[in-house]
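Working notes, structure below.
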Amino acid sequence: MPGETQKTFYLETFGCQMNVHDSEKVIGTLMAQGYRQVSTVEEAGLILYNTCSIRDKAEQKVFHRLADYKKLQAQGKKFGVLGCVAQQEGEKIFERAPHVSLVCGSASYRNLPQMLIQIEAGNQRVTGLDDRETDECFETEFTARTNPHRGYITIIEGCDKFCAYCVVPFTRGKERSRASDSVLAEARQMAERGYTEIQLLGQNVNSYKDPAGSSSIRKKTFAELLTAVAEVARIKRVRFTTSHPRDFGRDIVAAIESVSTLCNHVHLPVQSGSTRVLDAMQRLYTREQYLERIAWMKAAKREISITTDIIVGFPGESEADFEQTLSLLDEVEYDGIFGFKYSPRPNTPALKFEDAIPDGEKARRLAVLQEKQREIQRRRNERHLGQIAEVMVEGKNEARGQWIGRTSQNKVLNFKAPEGVTPVLGSYVPVVTTGCFPNSLLGQMVI
Ligand code: 5AD
Ligand code: SF4
């Protein structure tokens, strides 16, 4: 019956954790509207892509998908583009892919139920693109979380930083924080449902500003909110991402020191080790100021693992600038890095910068960066040998007969369990590290 296929949807997500979590909320919203999620494009009446435009490669993926499945329109299937590419390209998507009937940026998800009604009524061009100045967050009671143990909570949406290379302020709109009492209510509800790990999300969680909630509740700083979530009964781990060094305060380090449920891991994107490049990137801090924050973490009573993001080949990045990024790796000794070749993005100031670095040179710098970091991680991970860490059991690698665990420091620790012991997924068990690689640890469960 046609009625049956019309109320099914397939959703594929690209991009960051914010997008993954947005998709959980979109899925919940669609289910509340009577839609059923299916796992293949063929079964679905409505096909949605939640897209990313952080780099050109990510953006192209959605256009490939749309081209691949264009022929399915003849079967009456409808297509929607959500997220960052939707917001960036707007109605141009209808020209490039005329089989698309919904284009909606993340700041407009609150209006999805009305948009779905319009699509069902046969409207060929439904848009949600005009909400980037909104003060509201996408709060919904219908979040469809996929993992039963670990879940995300958004605390701040959008970004006002306008780094010279970045599309996010253009795609996700202006910065707006969620009231701390609402965040805490969601954390308590998750704890009641059996979640033990919460990850607080935002493009820049450190610029969290508690909006006036109920007048009896004092506004919380980000560090206070972190602590309050970490103190929710039955919550065993709280993480947060992403931090901007400019707003990263010492109070966050103090919170990690004193609250054991706050994970001892901080992702602090540096982007470059050269103050000259940082200035051109409009990052609002110098190498020295960044290193000061690293020093706070290194001096903490708990050992905090530190990870970062780095862009190589930003316009005008000289060999000497790049060398400074390499020397920063030596100085900080990160536990992990995400390295990227600079990708020019629409609307951003850097698009007009001169002295573009050729792609081959960007690739070379990226390879040098990653090789250096690999060596640092191989060496650094050795310090875990013989240590006992508590891991959350995340899965099993049947082929290797190993369980997959994750430490508070966010390291993957694959381990063997003693004969006859079957660790429960989502439980926390002690594991002694017996081997190490650049990107993971190996261990034996202790009983
Ligand atoms: N080109 C390459 N990398 C980028 N990032 C953001 N914008 C760009 C761009 N235009 C990287 C940054 C950021 C991470 C999420 O993606 O390192 O921290
Ligand atoms: Fe991609 Fe940035 Fe949008 Fe996340 S916020 S989906 S990383 S463009």
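Just so you know, all these numbers are worked out from the coordinates, no wet-lab data involved. Quick caveat: nothing in here was measured; it's all calculated off a predicted structure. Note that we place each Cβ from the backbone using ideal geometry, even for glycine, and neighbour counts take in every protein chain shown.
What percent do you get for the relative contact order of segment 7-128 when only Cα pairs under 8 Å and 6+ apart count?
23 percent
Check the straight Cα-Cα distances from LYS70 and name the lysines below 20 Å, setting aside those fewer than 8 residues away within the same chain.
Partners found: LYS7, LYS61, LYS78, LYS92.
Taking Cβ-Cβ under 4.7 Å as the only way to count a partner, pick out the unpartnered cysteines of the chain.
CYS16, CYS52, CYS84, CYS104, CYS137, CYS159, CYS263, CYS436
Please compute the length gained on full extension between LEU129 and LYS61, using 0.36 nm multiplied by the number of residues separating them and subtracting their Cα-Cα distance.
Full extension of this stretch gives 22.4 nm more.
Which of the three applies to segment 7-128, rounded, prolate or oblate, going by the alpha-carbon gyration tensor with a ≥ b ≥ c and a/c under 1.5 meaning rounded?
rounded
For n ≥ 4 DSSP H runs only, could you compute -39500 (n - 2.57) per run for the chain, divide by its residues and tell me the 222 nm figure to the nearest 500?
Result for the chain: -10000 deg cm²/dmol, rounded to the nearest 500.
How much length, in nm to one decimal, is gained on full extension between ASP68 and GLU319, taken as 0.36 nm per residue of separation minus their Cα-Cα distance?
Full extension from ASP68 to GLU319 adds 86.2 nm.
What do you get for Rg/Rh of segment 377-437 when both radii come from the Cα atoms and Rh is the Kirkwood radius?
Looking at segment 377-437, the ratio lands at 0.95.
So which lysines can LYS301 reach, going by Cα to Cα under 21 Å and dropping same-chain residues fewer than 8 places off?
LYS236, LYS411
Let me know the Rg and Dmax you get for segment 192-344 when you use only its Cα atoms, in Å.
17.0, 56
For Cα pairs less than 8 Å apart in space and 6+ apart in sequence, what is the mean separation divided by the residue count of the chain, i.e. the relative contact order in percent?
Over the chain, the number comes to 10 percent.
Lysines near LYS161 by alpha-carbon distance under 26 Å, same-chain residues fewer than 8 away left out - which ones?
In chain and number order, the partners are LYS25, LYS57, LYS174, LYS209, LYS219, LYS220, LYS341, LYS352, LYS362.
What ranking do 342-353, 305-316 get when scored by the average of other Cβ atoms within 10 Å per residue, highest first?
Those peptides, ordered most packed to least, come out 305-316, 342-353.
Evaluate the distance, in nm, between pseudo-label points positioned 7 Å from the Cα of GLN17 and of THR40 along their respective Cα→Cβ axes.
3.4 nm
Calculated FRET efficiency, GLU419 and GLU354, Cβ-Cβ r, R0 56 Å, to nearest 0.05?
Efficiency, from the Cβ-Cβ distance: 0.30.
What percent does the relative contact order of segment 385-445 come to when contacts are Cα pairs within less than 8 Å and at least six residues apart?
Answer for segment 385-445 is 37 percent.
Report the residue, chosen from ALA97, ALA280, ALA74, that carries the largest GNM mean-square fluctuation when the chain is represented by alpha-carbon nodes joined by springs under 10 Å.
Comparing ALA97, ALA280, ALA74 in a Gaussian network model of the chain, the most mobile one is ALA74.
Given a Förster distance of 25 Å, report the FRET efficiency between ALA233 and GLN387 from their Cβ-Cβ distance, rounded to the nearest 0.05.
FRET efficiency, ALA233 to GLN387: 0.30.
Rounded to the nearest 0.05, what FRET efficiency is calculated for GLU192 and ALA367 with R0 set to 45 Å and r the Cβ-Cβ distance?
0.40
Figure the gain on full extension for PHE338 and ASP279 (residue separation times 0.36 nm, minus the Cα-Cα span) and round it to one decimal in nm.
Full extension from PHE338 to ASP279 adds 19.2 nm.
Give the residue list of chymotrypsin sites (Phe, Trp or Tyr not before Pro) in segment 68-133 that are DSSP loop and have at most 16 other beta-carbon atoms within 10 angstrom.
none
Within the set of other residues whose C-beta is less than 14 Å from the C-beta of ALA350, count the net charge using Lys and Arg as +1 and Asp and Glu as -1.
+2
Can you give me the three principal axis dimensions of the chain from its C-alpha atoms, in Å, biggest first?
Rounded to whole Å, the extents work out to 62, 60, 55 Å.
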